[in-house]
1. What is the sum of charges around residue 213, taking Lys and Arg as +1, Asp and Glu as -1, for the other residues whose C-beta is under 12 Å from the C-beta of residue 213?
2. Which order do the peptides 469-480, 182-193 come out in when sorted by mean C-beta neighbours inside 10 angstrom, highest first?
3. If 21, 300 are ordered by their accessible area, calculated over protein heavy atoms with a 1.4 Å probe, which sequence runs from highest to lowest?
4. Add +1 for every Lys or Arg and -1 for every Asp or Glu among the other residues with Cβ under 13 Å from the Cβ of residue 202, and state the total.
5. Where does the charge balance sit around residue 258 when Lys and Arg score +1, Asp and Glu -1, over other residues with C-beta under 11 Å from its C-beta?
6. Read phi for every residue in segment 264-269 and hand back ³J(HN,Hα) as whole Hz from Karplus 6.51 cos²θ - 1.76 cosθ + 1.60, θ = phi - 60°, with x for Gly and Pro.
7. Scan around residue 375 for amide H atoms under 5 Å from its own, H built in the peptide plane at 1.01 Å from N, and keep only partners 5 or more places away or cross-chain.
8. How many angstrom lie between the C-alpha centres of segment 216-262 and segment 297-369?
Amino acid sequence: MTTHYDVIIIGSGAGGGTLFHALAPTGKRILLLERGDYVPREKDNWSTRAVNLEGKYNTCEEWRDADGAVLHPHTNYCVGGNTKFYGAALFRLRREDFGELKHRGGVSPAWPIAYEDLEPYYTRAERLYQVHGARGVDPTDPPASAPYPHPPVSHEPRIQELSDDFARLGLRPFHVPLGVMLDEKDPRASRCIRCDTCDGHPCIVGAKSDAQVLCVDPALASHRNATLRTRARVARLETSATGREVKRVVVERDGAVEIYSADVVVVSAGAINSAALLLRSASDRHPRGLANGSDVVGRHYMGHVNSVLMALSKCPNPTVFQKTLALNDFYFGSPDWDYPMGHISFVGKLDAYTLRAGAPAIAPGWTLELMARHSLDFWLTSEDLPDPENRVTLDREGNIVLAYRPNNEEAHARLTAALKGLMQQQTRCSVHGHDCHQGLFARNLFLGQRIPLAGVAHQNGTVRFGHDARTSALDVNCRAHELDNLYVVDASVFPSSAAVNPALTIMANALRVGDHLRERLG
Ligand SMILES: Cc1cc2nc3c(=O)[nH]c(=O)nc-3n(C[C@H](O)[C@H](O)[C@H](O)COP(=O)(O)OP(=O)(O)OC[C@H]3O[C@@H](n4cnc5c(N)ncnc54)[C@H](O)[C@@H]3O)c2cc1C
Ligand code: SF4
């Protein structure tokens, strides 16, 4: 068995899977190490009970919070990483997100690259992940060098009504850029069937633009130099005597230890696991953890300030695929609030099983089934600011400890209030006719539920890149300041979290680092 490779990539999600695809055509020997296996294709993929209530595909790993309480992280170890389960909302960060932004809760620091540096890679990532969208409607849309490769996914009637109402109120609602292989012009040929179990579920028919379907599998099919090893958990990275390069990648696989080596080693295990791996790889040369002379590894953990907000109405909401509408009008503030608030969009349509998993307070006079049938299920995101005390550390056994104190909560409260205000001004209802409108929204109930710490879906920031080796772990090419052959390409590298979903930025940055590595490999 060959154990030396040109490149080893650890983790096959948004970052690692995309990089694997980018490097496979070089002809170099590339090894992708993934601790999980393929998600089995089975009916349970689309069962909300199995996925959301029973957590069938979640890791069983236990982490701890700062007080030692057990956390069951809502994260997935599998080929394709969390993109197998994501909602495929594929946003670019706003141009301003790359600069310093003042928030009420603190400062969002600048990135070491500008939006313009990443723009060509965003365009490439949108093509690779087959994003459907429309430019220029979202008032915060950054400039783009090409249109979206596919038209936007249409709204169903209830969502279109809401969009019209928002527009009537002077807002600029827009279509969420989505990575689903939907052809609305030719439904019989369309790979995507527009179902109600997309967000949070794997796609049985392989129509979601995830890293397994679009990157890992095609790279393996076309390039014999590209190899995937599943169930291969990287336990440690060991360096040469000088400490300047990673020499050995120590893998636990099916109860045995395997050792690999490579000219270049890329860590892409997700922000929490990448930090944990570097910390676990501490040695005499790197006593605080690999690449951690700055002591930033594991710090500045961010996860977004997120809420699911159900707007209940007398009218049912029969929408099947709900996640098509978004609002960024409050992203940078509003006329009466000078600070950024965040982003409003939707989660996939909630049902009673999913609600049961979150155990929300039941609105008086409602059952969970009824609530699910009558709710519009908003997803609100405000920026989480990088706090050095919000961090990943290890306990004595090497298990993950996640310490987190929420911040920027006033921005989120303002965003929530803004949405409540908008919903109270709704006037149209196509299901019950006009008579329904007046009383309908006066009787709305809003049940805010903050996503708990175990919901680490948008984890980022723990191995930040930057110009200064004293305040960052990685240089501008995402190479460790202190090691010649170690790179990181997942969400860890984010210096700030912005307030839109992270995956497209991870993918675009992986393509950018891929270009650098192609040059380096010659
Ligand atoms: C339910 C859900 C919905 C989401 N919806 C959206 C959305 O709509 N839009 C969006 O932009 N983002 C969304 N996200 C977030 C998005 O999926 C993540 O931001 C993205 O997948 C992170 O990419 P990554 O490469 O950093 O890590 P991951 O995709 O998590 O990949 C990390 C990989 O590393 C592997 N790994 C970990 N440790 C090791 C180890 N020691 N050895 C070997 N392999 C290891 C893991 O098994 C995993 O496959 C969602 C996430 C979830 C869970
Ligand atoms: S068929 Fe379409 S909507 Fe359903 S899970 Fe697959 S990609 Fe998502």
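The values are calculated or read from the model by the stated rules, or taken from the named source; none is laboratory data. Fair warning: this is a prediction, and the values are worked out from it, not measured in the lab. Backbone-built Cβ (ideal geometry, glycine too); neighbour counts: all protein chains shown. We work out accessible area using only protein heavy atoms, side chains counted, and drop any ligands, DNA or RNA first. Shrake-Rupley method; radii C 1.70, N 1.55, O 1.52, S 1.80 Å.
1. Here the count lands on +2.
2. Top to bottom by mean Cβ count within 10 Å: 469-480, 182-193.
3. 21, 300
4. Combined, the nearby Lys, Arg, Asp and Glu give 0.
5. +3
6. 10, 10, 10, 8, 8, 9
7. Placed amide hydrogens put 317 under 5 Å from residue 375.
8. Using only Cα atoms, the two centres lie 39 Å from each other.
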